[in-house]
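What follows is calculated from the coordinates using simple rules that are stated; it is not laboratory data. Not measured: the values here are computed from a predicted model. No Cβ is skipped: glycine too gets one built from the backbone with ideal geometry, and neighbour counts run over all protein chains shown.
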Amino acid sequence: MTASRRRSEPRPATRAATLPDGEDACWQAVASRSVAADDLFVFAVTTTGIYCRPSCPARRPHRTNVRFFGSAGEARAAGFRACKRCQPDAREGSAAEQRMRTAVIAACRIIDSEQSVPTLASLAARVGLSPTHLHRAFKRQLGLTLREYAAGRRAERARVALRTAPDVTTAIHAAGFEAASRYYAAAPEILGMTTQSYRYGGEGERIDYVVAPCALGVVLIAATKMGVCAVFLGDDREELLADLHRRFPNAQLVSANAELDAYVAVVVARIADPAATAPDLPLDLRGTAFQLRVWNALRALKPGTTTSYGALAQTIGAPRAVRAVAAACGANPVSILVPCHRVVGADGALTGYRWGVERKRRLLADEEHSANRETSTDGAQGVVGRRKMR
């Protein structure tokens, strides 16, 4: 019996005992590309005949075309073949690599579940590795050091606690900071504003904004005294304002001022003609340390060039953090000035875009046209034009 015939027949029920909390939980792990689920199951795609690890960076299939198996062996027995991209068989076949991966997953779960951040030595002892091996495995598997991962999780706990705890002191301890001084030293990077402003949704902070027409519909530009904190694209002025209110629910939002008019002129001009010379604007970017690394790398991309999520992960020194890079691109609140639209899939597909794929298509087409025009001009002057990334 051929593999294609086996897949066309009614499928047997997947062994529930091998799957974490049922198929719905498995699908959520696949949709979020969960590294922690890689050792629990594999998923297969009936339309391609391929099975993958949950964290596979390939495009997600439609839910109706997915089957789950407790192991790669079960998927092979059902007639599926291993994905060449995530290589689930290679993971399964290397005992040393599997042990390292299991240890990293265990370390992540310990960090996620405990309030205080364990030392590298104590964490290594608990997962059965030496500190050196755990450090190297963590960096290789996640693209982050253990310290960076722990700091990111603690920052996330702090942001949640500041909104829910009865007072700041309680929030600081709930987040896992041993001393208030350590929290306040890290707060500017974690929050991007004062603790009280963040705790009360930006209360007391003034944010000026303008909504203006542009070549892509309408654009909202908002700025604090530090610089531009939001550039939203859309078709409806009220929807963009509602988005700004959700981001800064208690800030003082002020419509327009003379300084912001200059910001608007620069953004609108860049949308209309990406090759036009325009001054760099001051930015007030608020995110985690990892997000800021991604956003700063995006700002280095030139008009007319594109990169992939994997290449961007390589650029910031975190080659295995492709999913985290994609999430950081999706969280970017300052479109155009932080050009997340220049990131495409490894196969050149446009993938998603917070402001709409058609806008992304238009932006890239306009930038390519401008780059070709600039290259032609340079060529006429005997200058070699730049090569676009694909």
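General observations
- Three-way shape call for the stretch 289-380 based on the alpha-carbon gyration tensor, with the a/c threshold at 1.5: prolate
- Over 14 Å [Cα-Cα, the stretch 206-272], rounded percent: 51
- Distance between the stretch 22-91 and the stretch 289-303 - C-alpha centres, whole angstrom: 31
- Gain on full stretching of the segment that runs from A121 to R246 - 0.36 nm per residue minus C-alpha separation: 40.8 nm
- Taking other residues whose beta carbon is less than 14 angstrom from the beta carbon of A106, and scoring Lys, Arg as +1 and Asp, Glu as -1, yields 0.
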